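First comes the structure, then the notes that go with it.
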Amino acid sequence: MRERRPAVLSVPPMPPRSTPAAALLAWYDRHARDLPWRAPRGVTPDPYAVWLSEVMLQQTTVAAVGPYFRRFLERWPDVRVLAAAPDEEIMREWAGLGYYSRARNLVACARILAERGGFPSDEAGLRELPGVGPYTAAAIAAIAFDRRAVVVDGNVERVVSRLFAIDTPLPLAKPEIRARADELTPEKRAGDFAQAMMDLGATICTPKKPACVLCPLAERCLARKSGAPESWPRRAPKSARLERRGAAFVAIRGDDAVLLRTRPPKGLLGGMTEFPGTEWSSDFDSARALDAAPLALAWKAASGEVEHVFTHFALKLTVFVGRAPKSCAAPEGARWALLAGLPGEALPSLMRKVARQAGFDLPARPRT
Ligand code: SF4
């Protein structure tokens, strides 16, 4: 008699192992941050809003950009309207957001886009636009046009270097991080994937205390397994930041006007409004500061110094305040502006600090 074999059970095939991208996208679908420039699920993103937000977010935090983004969009709802706006008005709205070359590039880019009738949808075309570097081009291509593009910002760098425990220090590790990010990026939903990585980096895989228990990628993360995930990304030792010093002169006329001038269009704070001042240098001689005063007045130094940090150097400014008679004419290259109109001037954060040091009640940022 033949032995009876047990019946073969019909078992459904095992689902394919979930990829990191799938795990992350599932998490994003539940936990995406609600950001003013982000289109709701199912709504096609507006390339103008994506571009504007990405330019504003370069070197600036999400919290700082929010009010600027809303104000820009309210005032200039599409690229044609922005392209037609006067430069000074755009610079004025940008004042306080910093890195002013971005605003100048924004204007130039808007005019090109208005002329050609819209945005290119691929990375190569986007990279030809003023102020659109590799990161911004990839972000716009992925988020606005759903192209597969590898988007690597600071948040993504941190997540990827932890996932793979990349021991090469930044910035040397950038090519390796990019290659790993490329491996992770899915063919579909690359824009959502990029935003999910950014959200993960901003809310869970944070620089100091990553919340690994909440992380959808925890099982695959080598840094978590090491027990000290916060020690990635590795960084090369920092060199001491250069310090520069200088002086700024706040002249107040009898009719409540202050002396201002516009910085040259190119270079640091290009095109922005400032109080006249000296050059900023590491060997600044404070004893000779008054040689550069724009008017012959009885200048008095305000107590303390204004401190401001730029990317490549830290600046300390002594602020001198002087009273001028009503009849005083502005020297060449400068102009008198009424104090009441000061909040509407394109004053960068540094000059707002100078104004406050001189005793003016000026908010740190323009109206929000
Ligand atoms: S497990 Fe922890 S360290 Fe790794 S990616 Fe997630 S939050 Fe970051």
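For Glu307 and Glu74, the difference between the fully extended length at 0.36 nm per residue and the C-alpha to C-alpha distance is 80.5 nm. Of the residues Ser101, Ser281, the one with the largest accessible area comes first in the ranking Ser101, Ser281, computed with a 1.4 Å probe on protein heavy atoms.
Between helix 174-184 and the chain, what is the angle of the helix's C-alpha long axis to the longest principal axis, kept within 0 to 90° and rounded to the nearest 10? Taking the Cα atoms of the chain, the angle to 174-184 is about 40 degrees. Across the range 89-94, rounded Karplus estimates of 3J(HN,Hα) from the backbone phi angles (6.51 cos²θ - 1.76 cosθ + 1.60, θ = phi - 60°) give 5, 5, 4, 5, 5, 7 Hz, Gly and Pro being marked x. Principal-axis analysis of the Cα atoms of the chain puts helix 134-145 at an angle of about 60° to the longest axis. Distances between placed amide hydrogens fall under 5 Å for Ala247 paired with Thr278, Thr318, all partners being 5 or more residues away or on another chain.
What residue among Ala139, Phe119, Leu106 has its Cα farthest toward the positive end of the dipole of the range 86-183, where the charges are +1 on Lys, Arg and -1 on Asp, Glu, each on the Cβ? So the residue furthest toward the plus end is Ala139.
Relative to the longest principal axis of the chain, what angle (0 to 90°, nearest 10) does the C-alpha long axis of helix 20-31 take? For helix 20-31, the angle is close to 60 degrees.
Accessible surface of the range 20-231, 1.4 Å probe: 53 percent of it comes from carbon and sulfur atoms. Rounded to two decimals, the Cα-based Rg/Rh of the range 69-131, with Kirkwood Rh, is 0.96. Result for the chain in a Gaussian network model with C-alpha springs under 10 Å: among Leu200, Leu82, Leu35, the largest mean-square fluctuation is at Leu35.
In this Cβ point-charge picture (+1 for Lys and Arg, -1 for Asp and Glu), the range 20-231 has a dipole of about 440 debye about its Cα centre. More than 24 angstrom separation, counting every C-alpha pair in the range 242-357; what % is that? That tail contains 20 percent of the Cα-Cα pairs. Of Val321, Val43, Val213, the order by accessible heavy-atom surface (1.4 Å probe, DNA, RNA and ligands excluded), from most exposed downward, is Val213, Val43, Val321. Couplings 3J(HN,Hα) of the range 266-272, computed from phi: 9, x, 4, 6, x, x, 8 Hz, in residue order, whole Hz [Karplus 6.51 cos²θ - 1.76 cosθ + 1.60, θ = phi - 60°; x for Gly and Pro]. For the chain, adding -39500 (n - 2.57) for each run of n ≥ 4 DSSP H residues and dividing by the number of residues yields -10500 deg cm²/dmol at 222 nm. With a 1.4 Å probe and every protein chain kept in, tell me what percent of the accessible surface of the range 242-357 is carbon plus sulfur. Ligands and nucleic acids excluded, carbon and sulfur give 52 percent. In a DSSP loop and with at most 12 other Cβ atoms within 10 Å, the GluC sites (Glu not before Pro) in the range 120-181 are Glu128. Extension gain, Lys326 to Ala240, is 26.3 nm, computed as 0.36 nm per intervening residue step minus the present C-alpha separation.
For the chain, a Kirkwood hydrodynamic radius built from all Cα pairs, placed in the Stokes-Einstein relation at 37 °C and 0.692 mPa s, yields a translational diffusion coefficient of 138 µm²/s. Per residue, the accessible area of the chain comes to 54 Å² when a 1.4 Å probe rolls over the protein heavy atoms. Along the axis of the charge dipole computed for the chain (Cβ charges of +1 for Lys and Arg, -1 for Asp and Glu, origin at the Cα centre), the listed residues Leu25, Cys215, Pro264 are led at the positive end by Cys215.
Within the chain, DSSP assigns beta bridges of which about 55% are antiparallel (rounded to the nearest 5).
Between Pro233, Pro343, Pro175, the GNM of the chain built on Cα springs shorter than 10 angstrom shows Pro175 fluctuating the most.
The values are calculated or read from the model by the stated rules, or taken from the named source; none is laboratory data. For clarity, every value in this text was computed on a predicted model and none was experimentally measured. With ideal geometry, Cβ positions are generated from the backbone for all residues, glycine too; neighbour counts draw on all protein chains shown. Only protein heavy atoms, including side chains, enter the accessible area calculation; ligands, DNA and RNA are left aside. Shrake-Rupley method; radii C 1.70, N 1.55, O 1.52, S 1.80 Å.
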